[in-house]
Each structure stands twice: as C-alpha cells, then as structure tokens.
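Let me begin by presenting the structure, written as structure tokens, before commenting on it.
FYI, it's all coordinate maths here, none of it is from the lab. The structure displayed is predicted, hence computed values, not measured ones. Please note: Cβ atoms are built from the backbone with ideal geometry, for glycine as well, and neighbour counts cover all protein chains shown.
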Amino acid sequence: MNDCPISIIVMQSSVRGAGQQTLMNHDAEHVPTLARRAGRETALMDLITDSLVIGLTEHAPLILAAMGFALLYRLTGLLNVAYSETITLGAYLGMWVNTTYGLNFYAIVLPAGILAGLISVATYFAIFRPAKNRNVGVLEMIIISFGLSILLRHGLQFIFGYPVRFYNVPPPNTIFVLGVGVSSFRLLALGSVLVLALLLFWFIQRTTFGLQIRALATDEDLAQVSGIRPLAVTVLIWFLAGVAGGLAGAFYGVGSSVAPLLGWRQFLLILLVVLVGGAKNIGGVIIAGIVTGVALTAMTLQFGQVLWAQLVLIAAFVIILKVRGRRMADTGKV
Amino acid sequence: MAGDHKDTAFAREPTRDSDGSRPRVRIQDAVKSFAGRVVVDVDDLTLGTHPIEGLIGPNGAGKTTLLRMIMHSISLDRGTVTLSSDGDGSEVVLSDLPAHRMARHGVVKTNQVITDFEKLTILDSLLLSVAKATDEWPYRIYREQGLYEDTVEGILWYLDRFEFEDPLGFAKSAGEKKLLDIIRCLLLKPRVLLLDEPTAGLPDDIRDQLMGLIDEKAAEENMAVVIVEHDLHVIWTMSDYVHFMAEGRVLLQGEPRSIREHDTVIEKYLGSGHV
Amino acid sequence: MNLDWLDAFLVSGLFYVMMVIGLALLLHLQLGLARIANFGVVGFWGIGMYAFGVLFVKVDWPFGEVWAFLISVVFGTVVAGLAGLLVGWLIADLDIDGVLVGTLGFATAVWILATTEQDLTGGALGMGGLGFPYDIGSVKANETLWLVILTILVAIILYYVSRVHKSPYGRLLISIGDNEPLARSLGKAPFQTKLWLFAVSSAGMGLLGAMYGVNERFLETGNLGIDITLAAMVGLVLGSTTRMWGAAVGVALTVGLFDVVIQFYLPLPREWYTQAIPVLREMVFGGVLIIVLLFRPYGVLGDMRRDKLMRRMHGG
C-alpha cells in the first residue's frame, strides 16, 4: 500500500493552488472533465450535471459535519466552535492509524469517527459540563468553545507539526457517474451521509432513546421529572456529533491533505448551513448542505475561482438569516 | 363607545367623567396564538375612556398577552392597535410601529414578573429612563452632568416619596425592583400606563401610596391607566370601569359594582364563595 | 537622539501590544457593555489596513506625501466605519448565532477579497510601498516615533472609553446588553444603538489596522487570520470584559508576556522562538479563555462597579 501516494500529492497540489488555503477541497479529477467538454454546445447541461455530481460528492463531508453540528446545537443549545477541531481530529486520527499501521482507508474510517466521538465526549466532561453546572451564559459558552478550538488546533500542531500531512493510500478508483469522474472515497462519503441521515431519522423519530432526546431538547427539567436520564442522552448526543465530525474529517483528509486548520476552514460553511437549514430538523440541514455543495461547485466552475463562490454564498446566507431573523423578532419578555 | 360593549345592561355612567382629551387605545380584530392555541381574540376593545380601568379574568385569560400586543413586544397574528387622542386629534397605529417607539407615544407598561437591569444601579435606571435619544449619541461623552442637573428634580420627587435602601446602589429586594420598575415607567410621563399586576410583591404601605399616586396622576394629568390585577380589592376600589376577560375574549364591561355581581364573572372567576 | 539602548525588536513588540490594547478597548465597548460577541475584529482591522494601503500606494498622488498619507488614513478609517455600519445592520437584530456568523463571515470576506483582488492588494504575495509620513533619521527612530503616536492614539481611545462609562451613552449600551426587551420598552432603540456602536468602534479598529500596516511597511493576507481577534479577546477576557482597564491589564498579561517578556527577557534557546513558542502562545491563549470564563468570568479585575461610579459622580 506504500506504492504511490506521491503521484496523488503531485497531482493534487498542482491543481489545487489557491484552493490549498480555502474552505473547501478542490479535487484533481474534475478539472479535466470541464476541459474535455469545453467546446461542446451542451455546456449548460454539462454544467448542471457536473455541479450536481461533483457538488454532491465533493461536499458530502460538509453535509455530514453539518448534521453532527446541528444535532449538538439543537439538542444542547451550544454553538460549539471547537466542533471544527473534532473534524480536524478525525482527519488526523485517520491519517495516524493509516500511516502507522498501514491499514486500508476503508478499514480506518469508522475507527477514526469513533475516536473523534470519544474525544468529543471527553471535551463535554472536561469543559462543557462543568461550564453548564456553573451557569455560564450562552455568549461565554461560545467564547469557551472558541478557546477550546484554538487550544486543540495548536495542540494538534504541536503533536503533528505544521507541515501538511497526507494519507498513505492508493489512488481511489474513479467511477463515472453521469459521465463525471468521481473517486470511490467520495462515493463512500456520500454513502456515509445517507447512512447517517437514515440512522438519525430512525433514531430520533422511532426509538425510545430518540423520544428521550426530543424530550430533553424541549425541556430538561421536564425530562428529568419524567425519569429520563439527561446525562446518558447528552453523552450520546456528543458522541454521535463527534462521530459525524470525525468521519467528515477523515473524508476531507483523504480527499486532499491534513493540516491543523482543516476543520476551521470548514467551520463558517458548516455554521451557515446549519443556521440556514436547521432551525427545525435534520432534513433542513441536509437540504441546505446539498444546495450549498451544488451552488459552490457551479459557481466555482463558472468563476474559475473557489473564493468568489464562497464570498457569494456567505453574503447570500447572511442575508437570508437577516431577513428571516427580522420576521421572527418576537421578544415577548416585556 | 357604548356600541363596543358586549353587555350594555351594565354600562352606567362612570364614576368620573372623561374629558375627551384622554388618549384612548383601540384594539380591533386582534388575534394572537401560540403553537396553534388562540390566546387572545379581541373584536373591538377601547381602553382609556375612563381614567382608571381594570382588566380582570382568570389565569390564562390572555390579559398579559393583550398588554404585550398593545406594546407590540409580541407581534399580532392579525388586527390593529390604534392610539388616538381627541385633545390634539392625533391617531397613531401602534401595531405598525416597533416596540421601542411606544414610549415615545406615551404608551408604557410595567412588568408582571420582576424585570430589572442587573448591571445598573437604581439611580442609573432612573437616569436611563429620563434620558432622551439626543442625550445618548456616541459623541455626547460629557452629557452626564447636564442630564443629571436637568432631571434630578423629577427623580428626587420620586425618591423622596418612595424610599430605597441605597438609591446609588443596586435594587436589593424584589420589592425594590418592582417599585423601581413602576417608577421608571412613571418617569417617562406616560399618557397611557398599563400596569401588569403592580401590587404583587410590594409591601402594603408602599402599595397604597403608589396606587394613591397613580390615582392622582390619572385624574390630574389626564393619564389613562389600565390595571391588570389579581388583588381584586385594588380593582374594586380604584377602577372607574372594568373589563372582564376569559379565554382570550372580553366577555363583559361595566362599572366595578356591576361586574362584581355578574353571574358570569362569579361563575368563571370569583367562585360561588365570593361575597 | 541616541536610541542605542532600545532594541528595535522591542519597539515592534511594544507596538503590537499597544495596538492589541486599542483593539481590546474597542471590543470592550461591544462585548463588555453591549454584549455583542464580535468574532470578526480582524476583518475591521484588516479592511482599514488594506483600504489605507491600497489608496496610498496605488493612487498617483498629485500633492505631497504627507497629505496623501493623511487622506489615505482617513479613507481607511471611514471604510472600516462603513463596514461596521454594514455588519451592524446585518446583525443588530439577530440572535447570538447570527452575530457569530455575521462577524466571522465578514472577516472571511475581507480575507477572500484581499486574496483574490491581486491587482489591488498583491494577493497572497503581499504588497509593499508603505512607509512613515516622516523621516527623522534611522529606521529605529522612525519606528519609535510611530510607537509614540500609536500610544497617544490608544490613550485617546482609553479616554473615550472612560468617558463612555460616565455618560448616558454608556448607560444605554449597558442597558441593551443587560436586558434588551426592557430597554426597548423604555423607548431605547437597540438597533440604531448597535449600528452606531459598530460604526464607531469599527472605524477605530480600522485606524489601528492602518497604523499597523505603516509600521510593517508591508501588507500580507497572512495577518488576516484569527490571531488578531484572538489576542484582543483573550486580553479583554483575562483583564475583565466589563471594565475599562481590563483591556490594558489583560493584554499586558497575555500578549505582553509572550511578545515582550518571553521574546526579549527570557534566555530561551533560539530555535524555540521560531517553532515552539508561537504555537505555545496560541495554546495558552485558548486555555486562558476557557479557564477564566469557567472560574473567574469577570477576569482579574472583576465586574464593573456602577454603584461606586454613581457614588463618585452623583454622591456628593
């Protein structure tokens, strides 16, 4: 399995350029697709299929991460900035297991997610639970999570060093979907999104544990009175969110490279997707994630510049929040 | 406004006359529901035809919600709230304005539950209340002394009558906070004063003094006062007119005595043990 | 003037500390008084720096260098103030999550524009051509004078903040941060208040950014990361978010410790300074945020004391 990572690196870094510093991964195999089709008359149709296929597969980790973040945000009320480091941790843990034990990517992806989930639970016990017991305010809670994010990010840098690291994997198989080449890793990422989404739906809607989660989300005191164990439920939420973030990180990592800023670069997009899509349910987050992925890809293909696509998206989402926030302005406390 | 009465049999001459310049709040076709449950559904209600009006009803009747709708601190599902005054003939649609504009039109509400600024002292609170927007621009960094000198008389007028343990410090007890809440509102020189359970948590002597003051102001300064209160003694002794609400609707209106003896009120609210 | 006793690196270390104190003071107005969590301090700082730099370097000025410089500084400040108005308008009526997104999004937008508009900003490569509006001899002398000017500016900001605490405006900010619905029912307009607060404090941040650009003589997108925001926030939180001197004390204890004391007065091995110390610095900053907010939410100085202030002003 040690035979050819170099070629991937070269290929990727040559195409990525500015993308290296951005919030998203820009992958090698898509670019020839456009070039190949450049002269055709069906350019619009191609743009649409390209955007759909690439957008969905490339941004599957974003949807995955957003689901985890939304779960945590909706059910514990915490905007956890350090969630970005859960993602980064997933990427590093996967890379570490992969390069240390020479394990296949498919074998390490789930353990990486589980490890990230456990670390997520650990941060809950070490920091967020004590903070809640001390009645720390919502605003202070965000700043605490920001502090934790910084601490973990540079802690990782301390351990793994600043240079960008790579997974040691053979080049993934390229599978053609609607004529667009997609790596098998990305299809796996998309598959994980589906599995996790179904799992969460089933979990929250059907099982008694899901009932408890919903009760907890509505009213913790009530939940406690009715014999539900908030601690167990909360731990489970942190774990699931951590697993989702860790998996997303592993997919991000194998798709490009691993660096301390990996998760932080995705954080703003995740936050936007969750806030715009997720006030009500996980379904909204998934839809917002898909729209984001497809729109980003379409605009990137059009502008030839990832950053502009992001700029448009940030502006659009903040305006959506602004418009919606106004309509919901119902203070009612006085 | 006799046409608005649900039950005109009890509409008698009020104990005190309205001289017409008193501002009135008219609520038309106003509906508010929370999570599908209709909390307030008022066809047409005019408040302020009498100096002091009581608004009573069982828990969950929608009294506090109605007051909040007037203040526009919660949005209306539909309907309008209008402030009009025959004195200058002005008419303002309150339900089209943001909440912070109410005070400028003289519509002010005190709070049922204790509501205070934790970081501000009593004097701070009172100065905040009397400060105008022009005193509060970011560049007016030398304005404090002038504001204090311009307004201290009005503030001391209240501090002399109502004693706080330490007016330069923070409000200590629940009673002080409640009193502070009401004085803050009075300092705004309201034209329409909505009192949401003003006596809860106040010591008896302060309550009597405060209610006496409000009674005075209603008569002398043409202020319209609406009191929501569970202590019915306050309602029966103070109000010139009473509105009875239940299940979000105004069911009865009339003089205190007639409301007090009405079968519906006894059945739905006072209970048969009531004398 | 003989400046041999002064280390040139110390001057730039002190410059950084002084600048972060200025930023933390302005953040104090937003976070400490009005309780708006601005996670995009670097955006306002950066847009001031770039607006100044681009105008100064790219325009062919027909008149003297000094005038061009002053006009550019004013331009940078005004642009940052306008950005504050825009962001303030976007977030003033949003919840805390909307504020986080809006301010963070703005900072990211500034970074994106600085990176992509290469013709104007030099992109990731950076842009030179900036300099002091005077020349009094050696580089060190020029930088020292610039530090003095910055110190005067920060002293003015400190004075403004102290006056805000003692004015009806400060009371208004505190009331809105404390209980916005109650303030609104007393006729206060939170939206307008936050808008102007953001305009004024962002303009100040932009001016500090422009001054930093001059001191560096070079604009880099690398400065537009989270470091500046973090430094200002850590300093303020450690000192005390709600007290004026919190910014100065806290920044001195954090940025001052790392960028002046450890940098110049500790005999540590050379290679530590390039590798371990910068990483350690950020880790400590992150840890300080967590520990202070968990165990001493109002920092070393504690919460503000309006009762003492009222007694001093109106107790006589």
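Report the residue, chosen from C:97, C:259, C:227, that carries the largest GNM mean-square fluctuation when chain C is represented by alpha-carbon nodes joined by springs under 10 Å.
C:97
If neighbour count is taken as other Cβ atoms inside 10 Å, put A:186, B:101 in order from fewest to most.
Exposure proxy ranking, most exposed first: B:101, A:186.
Any lysines with Cα under 29 Å of the residue C:140 Cα? List them, leaving off those in the same chain fewer than 8 positions away.
C:58
Comparing B:214, B:155, B:27, which has the greatest mean-square fluctuation in the GNM of chain B with Cα pairs linked when under 10 Å apart?
Ranking B:214, B:155, B:27 by mean-square fluctuation puts B:155 first.
Straight distance only, please: which aspartates and glutamates reach the Cα of residue B:32 with their own Cα at less than 13 Å, same-chain residues fewer than 8 apart left out?
Reachable aspartates and glutamates: A:330, B:41, B:43, B:77, B:247.
In what sequence, highest mean first, do B:244-251, A:139-146 appear when ranked by Cβ atoms within 10 angstrom?
A:139-146, B:244-251
Considering amide H positions built from the backbone, and no H for Pro or chain starts, which residues 5 or more places from residue B:251, or on another chain, come under 5 Å of its amide H?
Those qualifying (amide H under 5 Å, at least 5 residues apart or on another chain) are B:244, B:245, B:246.
What does the structure give for C:294-303 when I average, per residue, the other chain Cβ atoms found within 10 Å of the residue Cβ?
Partner Cβ neighbours, averaged per residue: 2.
Could you give the spread of the C-alpha atoms of the protein assembly as shown along their three principal axes, from largest to smallest, in whole angstroms?
Projected onto its principal axes, the Cα set of the protein assembly as shown covers 99, 76, 54 Å.
Given H placed on each backbone N at 1.01 Å, which residues far from residue B:109 in sequence or on other chains put an amide H within less than 5 Å of it?
Residues meeting the amide H criterion: B:194.
Which ³J(HN,Hα) values, rounded to whole Hz and listed in residue order, are derived for the range A:70-78 from phi using the Karplus coefficients 6.51, -1.76 and 1.60 in 6.51 cos²θ - 1.76 cosθ + 1.60 with θ = phi - 60°, glycine and proline given as x?
Calculated HN-Hα couplings, in order: 5, 4, 5, 5, 6, 8, 10, x, 9 Hz.
Restricting to Cα atoms and excluding each atom paired with itself, what does the Kirkwood estimate give for chain C in Å?
In chain C this quantity evaluates to 20.3 Å.
Can you pull the one-decimal nm distance between simple spin-label points at residue C:268 and residue A:100, each 7 Å off the Cα toward Cβ?
Placing both labels 7 Å along Cα→Cβ, they lie 2.7 nm apart.
Once phi is turned into θ = phi - 60°, what whole-Hz ³J(HN,Hα) does the Karplus curve with 6.51, -1.76 and 1.60 give for every residue of the range C:179-189, x standing for Gly and Pro?
8, 4, x, 5, 4, 5, 5, 8, x, 7, 10
For the range A:143-150, just list the computed ³J(HN,Hα) in residue order, Karplus coefficients 6.51, -1.76 and 1.60, θ = phi - 60°, integers in Hz, with x standing in for Gly and Pro.
Each residue's phi maps through the Karplus curve to give 5, 4, 5, 5, x, 5, 4, 4 Hz.
Measure nothing fancy, just the Cα-based angle from helix C:8-27's long axis to the longest principal axis of chain C, in degrees from 0 to 90, nearest 10.
With rounding to tens, the tilt is 30 degrees.
Taking H as built 1.01 Å from N, whose amide H comes closer than 5 Å to the amide H of residue B:54, not counting residues under 5 places away?
B:227, B:240, B:241, B:242, B:243
To the nearest 10 degrees, how steep is helix C:168-178 against the longest Cα principal axis of chain C, on a 0 to 90 scale?
80
Most mobile of B:211, B:223, B:69 per a Gaussian network model of chain B (Cα springs, under 10 Å)?
Per the Cα network of chain B with a 10 Å cutoff, B:211 tops the list.
What are the chymotrypsin sites (Phe, Trp or Tyr not before Pro) within the range B:93-197 that DSSP puts in a loop, where the Cβ has at most 12 other Cβ atoms within 10 Å?
Answer in residue order: B:139, B:142.
Can you give the angle from 0 to 90° between the axis of helix C:65-91 and the longest principal axis of chain C, with both taken from C-alpha atoms, to the nearest 10?
40
Based on alpha-carbon centroids, what's the gap between the range A:257-284 and the range A:63-88 in Å, whole number please?
8
Run the helix sum for chain B: -39,500 (n - 2.57) per DSSP H stretch of 4+ residues, divided by residue count, reported at 222 nm to the nearest 500 deg cm²/dmol.
-9000 deg cm²/dmol
Consider all pairwise Cα distances in the range B:191-275 and report the whole-number % of them above 23 Å.
That tail contains 26 percent of the Cα-Cα pairs.
Test of understanding: ordering A:123, C:274, A:300 by Cβ neighbours within 10 Å, fewest first, what list do you get?
C:274, A:123, A:300
From the residues B:154, B:130, B:164, which one has its Cα farthest along the dipole of the range B:118-170 in the positive direction, the dipole being from +1 and -1 charges on Cβ of Lys/Arg and Asp/Glu about the Cα centre?
Checked the options; the winner is B:130.
Which aspartates and glutamates, on any chain, are close to residue B:217 with Cα under 16 Å apart, when same-chain ones fewer than 8 places away are left out?
Cα-Cα hits under 16 Å: B:17, B:19, B:53, B:208, B:240.
If you filter the range B:130-178 for trypsin sites (Lys or Arg not before Pro), then keep DSSP loop positions with at most 13 other Cβ within 10 Å, what is left?
Here the sparse-neighbourhood loop sites are B:132, B:172.
Which entries in the list A:132/B:109; B:268/C:188; B:172/B:268; A:132/B:63; B:63/B:189 go over 29 Å, if you measure between the two C-alpha atoms of each?
Beyond 29 Å between Cα atoms: A:132/B:109; B:268/C:188; B:172/B:268; A:132/B:63.
As a check on your grasp of the helix formula, calculate [θ] at 222 nm for chain C: sum -39500 (n - 2.57) over DSSP H runs of n ≥ 4, divide by the residue count, round to the nearest 500.
Using -39500 (n - 2.57) per qualifying helix, the result is -22500 deg cm²/dmol.
Just to be sure I understand the curve: with the Debye formula and one point per C-alpha of the range C:148-209, what is log10 I(q)/I(0) at q = 0.12, 0.19, 0.22, 0.30 Å⁻¹?
-0.36, -0.77, -0.92, -1.24
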